[in-house]
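The values are calculated or read from the model by the stated rules, or taken from the named source; none is laboratory data. None of these values were measured; they are calculated from a predicted model. As a convention, Cβ positions derive from the backbone with ideal geometry for all residues, glycine included, and neighbour counts pool all protein chains shown.
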Amino acid sequence: MSYCSTAFAVINANLKPVLVDIDYLKPTISVEKIKKKINSKTKVIIPVHLYGSSADLKSIKKLIKNKNIKIIDDCAQAHGAYDDSIKLKKKIGSTGDISCFSFYPGKNLGAYGDAGIITTNNKKYYTIMNKIRNLGSNKKFIHDYVGMNSRLDTIQASILSHKLKQLNIINKKKQYIAKFYRDNINNRRIKNLIYSKSCVYHQYVILSKNRKKLIKLLSKNGIPFGFHYPYPINKLHSLRKIFIRQKYPNAERIGKEGISLPIDPNLSISNLRKIIKVINSF
């Protein structure tokens with residue numbers, strides 16, 4: 001399960017994306033299903049830490065041990081989350097070969113415009129990426145690669161530097177709200193997803209087989225909601241020829257039944273209780 005940009009990045013690199021379904025009720029890639037997709041052509045695995053819930057990186061790394069396969073973490077929604085698959089506390093984005101973060105304004109750590117960052121512990125990758133972001137150059141008029149102008153501007157950098165100091169507070173507030181939902185939503189028509197222990201809840205998604213009726217009830221009571229994401233990648237019009245007749249039932253289920261509830265860190269207890277009361281009356 002992922003946003004379209006993950007697959008688009010692979011295609012724009014002239015590579016072939018191979019989709020892997022998620023586990024039932026989990027928003028992250030299934031390790032068991034990865035096993036069935038790996039072959040001699042596999043170059044990279046991209047675990048998407050969707051909604052801020054960490055994928056099972058330990059098992060993925062074990063699976064590709066002694067294989068020339070790299071890991072590129074999609075951390076776009078996982079700022080501050082930990083890798084729950086290992087005992088030592090390590091942040092998501094610090095253990096893969098390359099990790100990619102988005103600072104889109106709606107993220108837990110968001111800029112006031114489009115922005116992002118790539119992290120790596122590999123000096124070779126760092127040198128190459130540092131050049132590519134600056135028109136393929138790290139020395140004026142010397143261009144070693146066909147690069148692009150993707151330097152983060154100083155205004156966004158200043159905003160992010162300030163907001164970074166508040167990230168742990170924001171994440172803790174979101175975790176509190178998520179726990180409040182989990183502990184108090186009591187409706188057999190509603191299913192909660194299974195999130196990782198240190199999930200930072202970029203989104204809090206529930207499932208309902210009668211989504212149309214539920215969103216009508218939420219709208220009637222003035223409760224905002226969203227869909228993340230209504231169309232799984234294999235169902236996108238632009239990619240239909242690549243993934244023709246391919247099915248990913250667990251991801252498709254979230255697409256059909258998923259509803260994102262309000263998870264703003266400033267959400268009041270009274271509003272939370274109102275949302276839960278409405279959902280429990282469904």
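A few points about this structure:
- Any hit, region 152-167, residues being more than 22 Å from His49 (Cβ to Cβ), in contact (Cβ under 8 Å) with a residue 40 or more places away in the chain and of a type in the set (Ser, Thr, Tyr): no
- Residue count, region 248-282 (criterion: exposed (fewer than 12 other Cβ atoms within 10 Å of the Cβ), in a loop (DSSP other than H, G, I, E, B) and within 25 Å of the chain's Cα centre (by Cα)): 1
- Among the residues making up region 223-247, those that are over 23 Å from the mean Cα position of the chain (by Cα) and either charged (D, E, K, R) or under 20 Å from Asn187 (Cα atoms) (or both) are Ile223, Lys241, Arg245.
- Residue match in region 215-235 (condition: touching a residue at least 40 places away in the same chain (Cβ under 8 Å), more than 20 Å from Asn280 (Cα to Cα) and part of a helix (DSSP H, G or I)): yes
- The set of residues in region 1-26 being among the polar types (S, T, N, Q) and touching a strand residue (DSSP E or B) at 6+ places or on another chain (Cβ under 7 Å) consists of Ser2, Thr6.
- Test: residue in region 44-53 that is among the aromatic types (Phe, Trp, Tyr), within 22 Å of Lys172 (Cβ to Cβ) and touching a residue at least 12 places away in the same chain (Cβ under 8 Å): yes
- One residue from Lys70, Lys90, Lys37 being exposed (fewer than 15 other Cβ atoms within 10 Å of the Cβ), more than 13 Å from the chain's Cα centre (by Cα), outside the structural domain of Gln203 (by TED's automatic domain parsing) and under 20 Å from Ile118 (Cβ atoms): Lys90
- Any strands (runs of 3 or more DSSP E) falling wholly within region 39-128 and containing at least 2 residues that are within 26 Å of Leu261 (Cα to Cα): 70-74, 98-102
- When Ala111, Ala81 are screened for being at pLDDT 95 or above, surrounded by 13 or more Cβ atoms within 10 Å (Cβ to Cβ) and touching a Phe, Trp or Tyr at 6+ places or on another chain (Cβ under 6 Å), only Ala111 passes.
- Residue match in region 234-254 (condition: closer than 30 Å to Asn168 by Cα and either assigned by TED's automatic domain parsing to the domain that holds Val10 or out of contact with any strand residue (DSSP E or B) (no Cβ under 8 Å at 6 or more places or on another chain) (or both)): no
- Scanning region 130-185 for residues that are β-branched (Val, Ile, Thr), outside any helix (DSSP H, G or I) and crowded, with 16+ Cβ neighbours inside 10 Å returns a single hit, Ile185.
- Qualifying residue in region 72-93 (condition: touching a Pro at 6+ places or on another chain (Cβ under 8 Å) and in contact (Cβ under 8 Å) with a residue 24 or more places away in the chain): yes
- Of the criteria (1) surrounded by fewer than 14 Cβ atoms within 10 Å (Cβ to Cβ); (2) within 22 Å of Leu193 (Cα to Cα), which one His237 fails: (2)
- Filtering region 186-208 to residues that are among the hydroxyl-bearing types (Ser, Thr, Tyr) and not in a loop (DSSP other than H, G, I, E, B) leaves Tyr204, Ser208.
- The residue pairs whose first member lies in region 110-137 and is assigned by TED's automatic domain parsing to the domain that holds Thr95 and under 15 Å from Ser99 (Cβ atoms), whose second member is hydroxyl-bearing (Ser, Thr, Tyr) and part of a helix (DSSP H, G or I), and whose beta carbons are closer than 6 Å, counting only pairs six or more residues apart or on different chains, are Thr120/Tyr126.
- Single residue of Cys75, Cys100 found to be surrounded by fewer than 23 Cβ atoms within 10 Å (Cβ to Cβ), within 11 Å of the chain's Cα centre (by Cα) and under 29 Å from Tyr145 (Cβ atoms): Cys100
- Filter result for Ile215 (modelled with pLDDT of 95 or more and closer than 30 Å to Lys89 by Cα): no
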